[in-house]
Amino acid sequence: MLKRPFLLAAELGVHEVVKAIIELFPDAIWVSDTENHNVLQLAVMNRREKVFKLIFQMSHHKHLLLMSKDNFGNNILHLAGKLAPQKSLDHIYGAAMLFTEEHEKLVKEGEKWMKGAASSCTVVAAVIATVVFAAAITVLGGNDDDGLPNFYNESAFNMFYYSNLFSLYTSVMSVLIFLSVLTSRKRSYGCYFGD
């Protein structure tokens with residue numbers, strides 16, 4: 001008699017009803033719908049966090065619920081990986097749009113700050129790359145008659161050479177990354193500023 005209200009409450013996220021039914025009938029956690037989705041799977045499929053936490057905290061058999069599969073062979077991880085139903089996503093999208101509208105000024109300030117920081121960092125990285133490049137082409141201690149560096153067999157020279165090479169690589173990569181930030185359009189900042 002309580003099967004349909006119990007499953008519907010889990011699907012809609014009404015955790016108070018789910019809690020009341022479980023407290024009265026603890027075996028209700030084993031109820032499943034026509035596709036063999038249990039209450040925990042319904043909560044995950046519909047992104048009902050409160051119901052999921054409630055079941056996970058109340059049930060002593062949560063490991064069995066987690067391992068159970070539906071009629072299509074999907075366990076709870078498969079269901080979590082699927083896109084939530086549109087009705088579950090609708091309220092999130094509106095909130096995200098409202099956030100973007102309300103924080104438009106912050107987005108613009110963040111973009112301005114990011115471009116300024118990228119400009120400064122590009123200059124610093126370019127200066128470092130120039131100094132490191134000059135150190136790389138100037139051989140310490142000079143060369144012998146065969147053209148090899150005089151300190152070629154010294155471990156300190158090799159350590160300097162490889163650390164200098166690493167510094168050159170990282171500084172050039174930094175310049176490229178900061179230039180890509182400077183030359184990218186505003187739309188690419190959306191991942192940082194919720195746009």
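The sole residue among Val107, Val139 that is out of contact with any Pro (no Cβ under 9 Å at 6 or more places or on another chain) and farther than 18 Å from Leu179 by Cβ is Val107. Taking (1) modelled with pLDDT of 85 or more; (2) touching a helix residue (DSSP H, G or I) at 6+ places or on another chain (Cβ under 6 Å); (3) within 25 Å of Leu179 (Cα to Cα) in turn, Ser120 satisfies each apart from (2).
From the list Lys115, Lys69, the one residue that fits, being over 24 Å from the mean Cα position of the chain (by Cα) and at pLDDT 80 or above, is Lys69.
The values are calculated or read from the model by the stated rules, or taken from the named source; none is laboratory data. This structure is a prediction, so every number in the text was calculated from the model and none was measured. Reconstructed Cβ throughout: ideal geometry from the backbone, glycine too, with neighbour counts over all protein chains shown.
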